[in-house]
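Data block below; observations after.
The values are calculated or read from the model by the stated rules, or taken from the named source; none is laboratory data. This structure is a prediction, so every number in the text was calculated from the model and none was measured. Counting neighbours? That spans all protein chains shown, and the Cβs are built from the backbone with ideal geometry, glycine included.
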Amino acid sequence: MPEHPENNEEYKGLVVNKGIEQPSSVNPYLKQRKVKKRELSVSDFVEGILKGSITILSRAVTLVESVKPEHQAVAQEVIEKCLPSSGKSVRVGISGVPGAGKSTSIDVFGLHVLERGGKLAVLAIDPSSERSKGSILGDKTRMEKLSVHPGSFIRPSPSAGSLGGVARKTRETIILCEAAGFDKIFVETVGVGQSETAVHSMVDFFLLIQLAGTGDELQGIKRGIMEMADGIVINKADGSNVDKAKLAATQFRNALHLFPAPDSGWTPQVLTYSGFYNIGVKAIWDMIDKYIDFVKANGYFEYRRNEQSKYWMYESINEKLKDNFYTNEKIKALLQEKERLVLNDGLTSFVAAKELLDTYFEELKCRLT
């Protein structure tokens, strides 16, 4: 059969030439060489972090976020050695519903803080897709000015469906950032449900960003989140929205009077501002400075830090036990069988759980004896 069927006798008068063979689009003289990063030892990591190297700090945070056991072992050793150099920052948690302008506000707040000197680390927890487990990690694009400032470090982390795990890793990242000389730490939440509780347990001041003019302002007054807030700010108080923002602030102030007094002895304040037009930002940071001075004077600052350390000790124990249970080979083999029995009404969920736990504890007992 000819290469071109068009050259058959039946297609007389039509001739298709073979043409010229096209060269490859890749330069054949270009040597593909994979540059491998030099493996760093624990002392390399610690030395680099203490010197304030952003590159080494970023690599250390990547190790902290890794699920590989060998990476985790190195990360824990680095954290342990950095611990004595940490704890000297002011940690601020920033929360609010999606669309409240958290990232834009952080951009403005951060520049205001950096103008006064020091270094700022922004740790942002990005929501991940439940299906693909992917995350956009787009905070840097919304923090245009802060992301190019030499005194800032922005690190988005995917929640990956496990806020507990990410929160623990965020707390460990705080330690590394403090050891690297960052004296202001912002932790931005995903703004959904239990993430606020996790972030509240690792910061000194919890700032809640709200909006006005979006419908029923009372929808924003939720007891759980309101009781955690040390300060509430109403964003987008500009143009025709100023009066609505002032009205919303009054409603929030009235709502705060209905709640019990915080353990800190501080009365949460409600302020209005505009992140986009940079209006009222100084007043917010004056409020945070005033709060830090207040809690340091009455001893609550140190008390809260100690309570947080205790809380994360128990959280780490719970997480380690859970991981150990699910990675146990015997349990992994039994799980599918018990699941099948539960789905076929052969066992109740509670009996299946008890039998699995009994098997796990029995195996542990055999190992110890």
Report task. Report yes if some residue within the stretch 325-345 is over 28 Å from Ala167 (Cα atoms), surrounded by 15 or more Cβ atoms within 10 Å (Cβ to Cβ) and β-branched (Val, Ile, Thr); otherwise report no. Result -> yes
Report summary line: Counting only residues that are under 13 Å from Leu208 (Cβ atoms) and either in contact with a helix residue (DSSP H, G or I) (Cβ under 9 Å, 6 or more places away or on another chain) or of a type in the set (Asp, Glu) (or both), the stretch 233-258 contains a total of 7
Query raised in the report: Which members of the stretch 114-133 meet the condition of being touching a Gly at 6+ places or on another chain (Cβ under 9 Å) and at pLDDT 85 or above?
Result: Leu114, Gly117, Gly118, Lys119, Leu120, Val122
Query raised in the report: Given the conditions (1) surrounded by fewer than 18 Cβ atoms within 10 Å (Cβ to Cβ); (2) in contact with a His (Cβ under 7 Å, 6 or more places away or on another chain); (3) not polar (S, T, N, Q), which single one is not true for Leu114?
Result: (1)
Report summary line: Screening Ser264, Ser240, Ser309, Ser274 for residues that are among the hydroxyl-bearing types (Ser, Thr, Tyr) and over 29 Å from the mean Cα position of the chain (by Cα) leaves only Ser240
Query raised in the report: So how many residues does the stretch 231-275 have that are surrounded by 14 or more Cβ atoms within 10 Å (Cβ to Cβ) and outside any helix (DSSP H, G or I)?
Result: 19
